[in-house]
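Working notes, structure below.
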Amino acid sequence: MASEIPSGNAVVAQSGGPSAVINQSLVGVIEGLRGQKGVGRILGARHGVRGMVKDEFVDLTDLPQDRLDLVASTPSSALGSTRDKPDPAYCERILTGLKKHSIRSFFYIGGNDSSDTCRIVSEMASASGYEMRAYHVPKTIDCDLMMSDHTPGFASAARYVAMAFLGDNLDNRALPGIKINVVMGRHAGFLTGASALLRQREDDGPHVVCMPEVPFVFAEFAAKVEQVYARLGRCLIAISEGVQDAQGTPIMQLLAPTQERDAHGNLRLSGTGALGDTAAQMLAAKLTPAGGKPPRTRADTLGYAQRYWPDPSPVDSREAREVGRVAARTAFGGPTRGSIAIVRTGGAGSPNPGRPYGAEFKRVELTDVAAKTRHMPAEFLNGMDVTPAFVEWLRPLVGETPRVGWV
C-alpha cells in the first residue's frame, strides 16, 4: 500500500505534443502533492524523461499560488516536452536518475506512449526493490486513450477546430469553391469530427468529413465532393491527417513515401501541407470538365495552433486541473501505480443521458492504457460525416461559441 513506501521527493514531467491545458494538470499534481505526508521536495523534470536522465530539474515546492494559477492558464508545456520513446535501457537510466534524487513519487503527463513509459519504469523499480509510486496523468488532443470518455486537451482543440470551420464555412460561402482543411489526428477522428459541431443550416460545411476510422478511397471521396459541388456550387472538406486506406496504410505514406519519421517510427503528419495540397490538386484534375476550367480549389493545414490556441474550453481547463489533483491524491491514498480516466456520468453518451453533463475521475490500470489506441465508435460515424450522436456528445465539452447571422 501507499503508506509502506518510504518518504522521498516527487517528480512531475510533461510529454508529447503540448496542449492548451496541460499546465492545468501540472499545477493539479503540485496542488495534490502539497501537504501529503511523506513528500519532501516537488521537482519538475525539464523536457520530460530527458530531464531525468540529464539531471535537469526545477524545484516547484514553494511556488506561490498566484504564480501557479498563471502557469495553469498558460498554453503549451511549462516544463518543456519530449518525443523520446524510452526503450528498456533508456528506462533504466530514468530509474537511476530518480533514485539519485530520492524520488519516490513519479507523475508523467502525456498520452498512451507516456503511460507505457510510466508502466515500464514502475515495473523496473519494483523488480529492483525500489519502492515508488508511479502515475500517468492523461493528456492528448486526439482523445484516443482507452478507458476515458474524453481526454484533457481534446475539448480545447475541438473548440478551436469547430470555430475555425465556422469561419471557413462563411468564407467559402462568400467566395465559393472547393476548400480542404487538414486536421490533426493520427489514428482517431474525434478532432476532425469536431469540424461539424457548429453547422447551423442545412447547407453549412463541412460537407465532407474524412476520418481514419473510415477507409479513404479517392474515387469515392471525389464523387462525394463532386455531388456537393454540383448541388451547392461549393464544398468545404475536413480531412484527418491520419486518413488511411482499407489496408491501414496512411494516405500520407502513399502520397509522400520519403516523408520523415519521428522518434516513435511514426510518419510525420503535422507541420506539412503535403496531404492537403496533393488532395486539392487531385480533386481539381478530377473535377475539371473536358475543355473546361478547373474549379477553384484550395487547401489549408490547421497545424499546431490546434493544440496551443489560448482560448481553452472551461470544462477542459477544470477537468485537466482535477485529473492532476486526483492522480496525486490517489497515489497516496490507494494503489501506488495507475492512470486516471475521465468517465462521463451525465448527458449524451453517459448512462444518464437525461441529466446535465457530468464527469468523474477514476483510477485505472496502466496496462489498460499503455500503448493502446481508442478509436471513434461506430455510433459516431456516418461514412464521410459524423452522426448527431457525436455532436451531442461533444457539445457540452467545448463551452460557449460565437453565433453568426446571414442576410
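Quick look at the numbers
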{"read-out": "Gap separating the Cα centres of segment 325-354 and segment 1-39, nearest whole Å", "value": "16 Å"}
{"read-out": "Nearest-ten-degree value, helix 274-287 long axis tilted from longest Cα axis of the chain", "value": "20 degrees"}
{"read-out": "Tensor-based shape of segment 11-151 (alpha-carbon gyration tensor, a/c under 1.5 rounded, otherwise prolate or oblate)", "value": "oblate"}
{"read-out": "Taking the C-alpha atoms of segment 41-95, convex hull volume expressed per residue in Å³", "value": "73 Å³"}
{"read-out": "At R0 = 35 Å, FRET efficiency that the Cβ-Cβ distance of residue 99 and residue 357 yields, to 0.05", "value": "0.20"}
{"read-out": "Fluctuation leader among 55, 87, 311 - the chain, Gaussian network, Cα springs under 10 angstrom", "value": "87"}
{"read-out": "Least to most buried among 307, 395 (fewest other Cβ within 10 Å first)", "value": "395, 307"}
{"read-out": "Residue 296-residue 128 pseudo-label distance in nm [points 7 Å out on the Cα-to-Cβ vector]", "value": "6.3 nm"}
{"read-out": "With 5 Å bins from 0: P(r) over segment 1-77, alpha-carbon pairs, percent", "value": "3, 15, 23, 24, 19, 10, 4, 0"}
{"read-out": "Charge dipole of segment 1-156 about the Cα centre (unit charges at C-beta), most positive-ward option of 8, 22, 86", "value": "8"}
{"read-out": "Summed residue charge, Cβ within 14 Å of residue 223's Cβ, Lys/Arg positive, Asp/Glu negative", "value": "+1"}
{"read-out": "Rounded if a/c under 1.5, otherwise prolate or oblate - segment 328-374, Cα gyration tensor axes", "value": "oblate"}
{"read-out": "Kirkwood Rh and Cα Rg combined as Rg/Rh, segment 83-237", "value": "1.19"}
{"read-out": "Above-threshold pairs, the threshold being 24 Å between Cα atoms, out of 224/286; 37/85; 85/139; 37/99; 37/372; 85/362", "value": "37/85; 37/372; 85/362"}
{"read-out": "Within a Gaussian network of the chain (alpha carbon springs, distance under 10 Å), most fluctuating of 231, 104, 34", "value": "231"}
{"read-out": "Hull-based mean projected area of the chain, where the convex hull spans the alpha carbons, in square nanometres", "value": "21.1 nm²"}
{"read-out": "Calculated FRET value between residue 389 and residue 34, using beta carbons and R₀ = 41 Å, to 0.05", "value": "0.50"}
{"read-out": "More than 13 Å apart - percent of Cα-Cα pairs taken over segment 154-229", "value": "67 percent"}
{"read-out": "Cα gyration tensor shape for segment 338-402, rounded if a/c is under 1.5, else prolate or oblate", "value": "oblate"}
{"read-out": "Peptides ranked, highest mean first, by Cβ atoms within 10 Å: ranges 37-45, 354-362, 336-344, 218-226", "value": "336-344, 37-45, 218-226, 354-362"}
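None of the figures in this text is laboratory data; all of them are computed from the coordinates on show. Model, not experiment: these values are computed from the prediction. No Cβ is skipped: glycine too gets one built from the backbone with ideal geometry, and neighbour counts run over all protein chains shown.
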